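Structure, as structure tokens:
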Amino acid sequence: MNTNEGTGEVYDEDDVSPESESTVLAMMTPAELVEYSPMTPDAIEEAIWQVSERLQLVARTIVILYEERHRAEEAFQKAFSKHVVNSPNKQISFAREYAKFHTADELHELNLAKEKLRYAEEMQKALMAKHYSLMNINKSVTAMYQGGPRRG
């Protein structure tokens, strides 16, 4: 068993699936976050526009992932409640354990939906950082081409 340092979640390495990461990467395709090459001033301007457009799409992606999370949570709650009510043992603690055992797949889907959402939110933060850094570089390059700050 391992613990995710960022979230504190406990996971088993054998059960970890890259599905959430690949799903979000496919939705957001943030290649510019991991690739770097020297850029001309025109390329910096173009990159700023590309990152800005991607940031506009992030909000929609996150809304879709929130919807998926809510549907997974509703499915888990519905299945859990159904198994508690239909448990052969009427003591509530045993009925809950029975329901936990029989809703493992729904819980897995819920956790996967949460991972996708969390990953998308982290990608949004990374895109924002990239956007701000490009704008700062652009400001510096513009000042350099203009001859620096002018004093009256």
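Some notes on this structure:
- Condition check for PHE94: exposed (fewer than 14 other Cβ atoms within 10 Å of the Cβ), more than 13 Å from the chain's Cα centre (by Cα) and at pLDDT 90 or above: yes
- Figure legend. Inter-residue proximity from region 109-122: first residues within 21 Å of LYS78 (Cα to Cα) and in contact (Cβ under 8 Å) with a residue 24 or more places away in the chain, second residues among the aromatic types (Phe, Trp, Tyr) and surrounded by fewer than 23 Cβ atoms within 10 Å (Cβ to Cβ), beta-carbon distance below 7 Å, spacing 6+ or different chains. Indicated pairs: LEU110/PHE76.
- Count - residues of region 45-76 that are at pLDDT 90 or above, under 16 Å from the mean Cα position of the chain (by Cα) and not aliphatic (A, V, I, L, M): 5
The values are calculated or read from the model by the stated rules, or taken from the named source; none is laboratory data. This structure is a prediction, so every number in the text was calculated from the model and none was measured. Reconstructed Cβ throughout: ideal geometry from the backbone, glycine too, with neighbour counts over all protein chains shown.
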